[in-house]
Amino acid sequence: MKTSKLLCITIISIFTYSCNSDDDSNSSSQNYSELIIGEWGFTSQTLNGNNIDFDDECQQNNEYQIYSSNGSYEQTEFENLTGNGCEQVSSSNGTWMIDDNILNFTQNGDSYSAEILELNESILRYKLSIDYDEDGNLDEFTQTLTKL
């Protein structure tokens, strides 16, 4: 009889924990979807765990990403082409959606999935597995952005 009660309590505990875990996952995803809304500026980036510089100061100081509540996404690109300062050279558009801790987005028709490593009111840090250096091997590329 004691064994049956213990087994019953164990099973109930497992189901209770499983339900609570699912609820936490959904609320985390919902919270991320709310926190990401806004304009984000680039702060730092790493490639395979090593800090890497931005192409130029225009990229670090002027480029930004915008995540809108309607699911649209925009990224600007700036360069100092003439030597007279940074100027916007292009803008990429697409859509975004968050599932658990995965940020799925399209940019000019290409689809990407990034693991959200940190997201709060002021910091967005995510990791992409992409062939950054075009050598045929996937690289771990991490970007950190701050809310503007």
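The values are calculated or read from the model by the stated rules, or taken from the named source; none is laboratory data. Predicted, not measured: the structure shown is a model, and the values here were computed from it. Because the Cβ atoms are built from the backbone with ideal geometry, glycine has one as well, and the counts that use them run over all protein chains shown. Ligands, DNA and RNA are stripped out before the accessible areas are found, and what is left, the full protein with its side chains, is counted by its heavy atoms. Shrake-Rupley method; radii C 1.70, N 1.55, O 1.52, S 1.80 Å.
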Gyration tensor verdict on region 33-81 (Cα atoms; rounded if a/c is under 1.5, prolate if a/b is larger than b/c, oblate otherwise): oblate
Can you compute the FRET efficiency between Glu57 and Ile102 using 1/(1 + (r/R0)^6), with r the Cβ-Cβ distance and R0 = 25 Å? Round to the nearest 0.05. 0.20
Ignoring ligands, DNA and RNA, please state the percent of accessible area on region 41-88 from carbon and sulfur, probe 1.4 Å. 34 percent
With charges only on Cβ, +1 for K and R and -1 for D and E, what is the dipole size of region 35-84 about its Cα centre, in debye, rounded to 20? 240 debye
Region 25-137 -> Rg/Rh from Cα coords, Kirkwood Rh, value 0.97
Region 66-148 - charge dipole about Cα centre, Lys and Arg +1 at Cβ, Asp and Glu -1, debye rounded to 20: 400 debye
Gyration tensor verdict on region 86-147 (Cα atoms; rounded if a/c is under 1.5, prolate if a/b is larger than b/c, oblate otherwise): rounded
Residue-wise HN-Hα coupling along region 126-132, computed from phi with Karplus coefficients 6.51, -1.76, 1.60 (Hz; x: Gly, Pro): 9, 10, 10, 9, 9, 8, 4
Model label zone, Asn31; criterion: amide N under 19 Å from point 7 Å along Cα-to-beta-carbon; scope region 107-122: 115-122
Those GluC sites (Glu not before Pro) from region 78-139 that are DSSP loop and have at most 12 other Cβ neighbours within 10 Å turn out to be Glu121, Glu134
Distant-in-sequence amide H partners of Asp139 (H built 1.01 Å from N, under 5 Å): Ile130, Asp131, Tyr132
In order through region 64-70: 3J(HN,Hα) via Karplus (6.51 cos²θ - 1.76 cosθ + 1.60), integer Hz, x for Gly, Pro: 8, 10, 10, 10, 9, 5, 7
Can you check what the net charge comes to around Asn50, using other residues whose Cβ is under 15 Å from the Cβ of Asn50 (Lys, Arg +1; Asp, Glu -1)? -3
